[in-house]
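J.: Before we start, here is the structure in question, set down as structure tokens.
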Amino acid sequence: MVYRDIRQRGFVVKMETGSFDMSVFPRGETMSSSRPAYLVRAVSERSAMHPADFRREIAETAKKGKKLLYGVVDEEGDLTYYIMSEENVNGSVAMNADVCVEGKMIRDRVFVFRKEDADRLKGFGFFGKDIQNMLQLSLIESCYLMRKGGLAVRDAAGEPISLSALIEHGEKTQDEFYLRLRAYEDLREKGLIVKTGFKYGTHFRMYEKSPDERHARYLAHAISGDSPMAWPEVSRAVRIAGGVKKEMVFCCVTDKIEYVVFKWFRL
């Protein structure tokens, strides 16, 4: 079905063996006059997808000087194409903590009540959200700030909470907490401002510079690099990202973190 669709669009297609199903030559070109522009995988919407396979295929495709294209066939026989690549996501916000402020944990939030401390922390890297002259931090933000030496956390009784205890609390009360924390910390170290992406159905939205100056460039979702995903998850995420003019990044977390960008593609 993918072969027929690409041929009907006027491309020359060559069947392949090994990791890829076919190669596609530029429109109007022939096998004798050019080299393939894309290596293509044809899959069903119900097939499992493995991030490790994507990373391997992206690297293999890039080594050959081509682009990786997935043709996904749905249950009605319609096709959607995605182009995939690895992305070096980077921002320009330096994370230089020169103060350590105190916050109090209340359930699944940490609050900084002193306005001058809240202002300092917000200026440190646009952390948290202002609520009536105090700053509300998420558990993930709080863990990162504690690791950077910018925050000390106490419980409701005034007793200090260690970083390991805060992480343990997050893992007990929130799904995929450690997975999201790993991705969050790496993105922050790359100079990006990272905020929740809940309103877009993703883990994060990411800014390259001040949120006061520009919109978020990326939406990001943290996934285990060793666990399969479903194509409907990808379709939903890419569609939403495209609708709000952002790029969809999947943060593949293993012993290291790699970033794979999915884009809807029109042949």
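The values are calculated or read from the model by the stated rules, or taken from the named source; none is laboratory data. Every value quoted in this text rests on a predicted model; they were computed, and no experiment measured them. Cβ sites come from the backbone with ideal geometry, for glycine too, and all protein chains shown count toward neighbours.
J.: Can you work out which of the residues in region 37-70 that are assigned to a strand (DSSP E or B) and either out of contact with any strand residue (DSSP E or B) (no Cβ under 9 Å at 6 or more places or on another chain) or at pLDDT below 90 (or both) is nearest to R217 (Cα to Cα)?
T.: Here the answer is M49.
J.: Here are M49, M15: which of them is within 15 Å of V234 (Cα to Cα) and either hydrophobic (A, V, I, L, M, F, W, C) or within 23 Å of the chain's Cα centre (by Cα) (or both)?
T.: Step by step, each of M49, M15 is checked, and only M49 is within 15 Å of V234 (Cα to Cα) and either hydrophobic (A, V, I, L, M, F, W, C) or within 23 Å of the chain's Cα centre (by Cα) (or both).
J.: Right, something else. If I ask for residues that are free of Cβ contacts under 8 Å to residues at least 40 places away in the same chain and not in a helix (DSSP H, G or I), which ones from region 166-187 would you list?
T.: Answer for region 166-187, where residues must be free of Cβ contacts under 8 Å to residues at least 40 places away in the same chain and not in a helix (DSSP H, G or I): just D175.
J.: Please list, ordered by first then second residue, the pairs with beta carbon atoms under 6 Å, 6 or more apart or interchain, first in region 61-73 and among the polar types (S, T, N, Q), second part of a strand (DSSP E or B).
T.: Partner pairs satisfying both residue conditions: T61/L39; T61/L68.
J.: Additional query: Step by step: first the residues of region 200-228, then only those that are among the polar types (S, T, N, Q) and not assigned by TED's automatic domain parsing to the domain that holds V244, then the one that is nearest to the chain's Cα centre (by Cα). Which residue is that?
T.: Here the residue is T202.
J.: Count, please, the residues in region 107-163 that happen to be farther than 24 Å from E213 by Cβ and touching a Pro at 6+ places or on another chain (Cβ under 9 Å).
T.: Adding up the residues that qualify gives 3.
J.: State the number of residues belonging to region 24-35 that are more than 16 Å from R266 (Cα to Cα) and either acidic (D, E) or in contact with a strand residue (DSSP E or B) (Cβ under 8 Å, 6 or more places away or on another chain) (or both).
T.: 2
Condition check ((1) β-branched (V, I, T); (2) in a helix (DSSP H, G or I)) across all residues:
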position	(1), (2)
V72	yes, no
G77	no, no
N88	no, no
V93	yes, no
V99	yes, no
F111	no, no
A118	no, yes
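J.: Among the numbered criteria (1) out of contact with any Asp or Glu (no Cβ under 8 Å at 6 or more places or on another chain); (2) modelled with pLDDT of 90 or more, which single criterion is violated by N96?
T.: Going through (1) out of contact with any Asp or Glu (no Cβ under 8 Å at 6 or more places or on another chain); (2) modelled with pLDDT of 90 or more one by one, N96 breaks only (2).
J.: Residue under question is G128, and the condition is that it be free of Cβ contacts under 8 Å to residues at least 24 places away in the same chain and buried (at least 19 other Cβ atoms within 10 Å of the Cβ); does it hold?
T.: The answer is yes for G128.
J.: Looking only at region 184-229, which residues are small (G, A, S), over 15 Å from V249 (Cα atoms) and at pLDDT below 90?
T.: If the condition is that a residue be small (G, A, S), over 15 Å from V249 (Cα atoms) and at pLDDT below 90, then S210, S227 are the ones that fit.
J.: Follow-up question, since we're still on this one. Give just the number: which of (1) part of a loop (DSSP other than H, G, I, E, B); (2) surrounded by fewer than 15 Cβ atoms within 10 Å (Cβ to Cβ); (3) on the phi < 0 side of the Ramachandran plot; (4) not hydrophobic (A, V, I, L, M, F, W, C) does K14 not satisfy?
T.: Tallying (1) part of a loop (DSSP other than H, G, I, E, B); (2) surrounded by fewer than 15 Cβ atoms within 10 Å (Cβ to Cβ); (3) on the phi < 0 side of the Ramachandran plot; (4) not hydrophobic (A, V, I, L, M, F, W, C), K14 fails exactly one: (1).
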